[in-house]
Every structure is written in structure tokens, then in C-alpha cells.
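Q: For reference, the structure I am asking about is given below.
Bear in mind these aren't lab numbers, they're just calculated from the coordinates by the rules spelled out. Values in this document were obtained by computation on a predicted structure and should not be read as measured data. Neighbour counts run over all protein chains shown; Cβ positions are idealised from the backbone, glycine included.
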Amino acid sequence: MNSRSKTTPRIRGTTPEIEAAARRLRRNMTLAEKKLWQALKSKKLGSLKFRAQHPVGPLILDFYCPVRKLVVELDGGVHENQAGADSATGAEFAPAP
């Protein structure tokens, strides 16, 4: 067992595969995600803590603030190819105006 192994229950119904995918996404953020993460991490935005690539059930949220229950999803070129996968999991999010 490595030092990063979890001994607590899974986050809101996630699977080991979803958690591994979230870790991969954190390591391989898009340029837009990297820029936004620089603005959000370390409580730089109104002292709110955000999590990057946060797994919830079968979904992985781009950014999540647990105190405000706020989800920030970025769309862009990388998501154009994922439209089918997103709708297959029920991830129907309204685009920002």
C-alpha cells in the first residue's frame, strides 16, 4: 500500500477508476484550466477553497468549491469531442451566457 492510498470511503459514489481519471486530469490540465486554477488555488478568490478535477459519482467536475457548493465547468476545444460522453453520463450543464 503506497502512502497515497485511501483508507476512507469513496467520495460520493466514485470508483477507483474515476478517482484515477481525476488524478490524470489534474496532471494534464488544458491551458484554460491551468490559467483558471492559478486564480482559484490557495484560496486566492475571496478566501474560498476550490478543488480541481473533483470526482462526484461518475462525473469529474473541473473546479468545485465545497463551502459554496459551486461548480465551475470549462468548455472549449477539448470538450467538443466529449459531448457524447458527457450526455451519456447525464452531465447536462447549461452553458454560461
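Conditions tested, residue by residue: (1) of a type in the set (S, T, N, Q); (2) closer than 16 Å to residue 71 by Cα; (3) surrounded by 14 or more Cβ atoms within 10 Å (Cβ to Cβ).
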residue	(1), (2), (3)
16	no, no, no
19	no, no, yes
33	no, yes, yes
41	no, yes, yes
49	no, yes, yes
56	no, yes, yes
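Q: Name the single residue that is farthest from residue 25 (Cα to Cα) among those in the stretch 57-75 being touching a strand residue (DSSP E or B) at 6+ places or on another chain (Cβ under 7 Å) and touching a residue at least 40 places away in the same chain (Cβ under 8 Å).
A: Filtering first and then ranking leaves 74.
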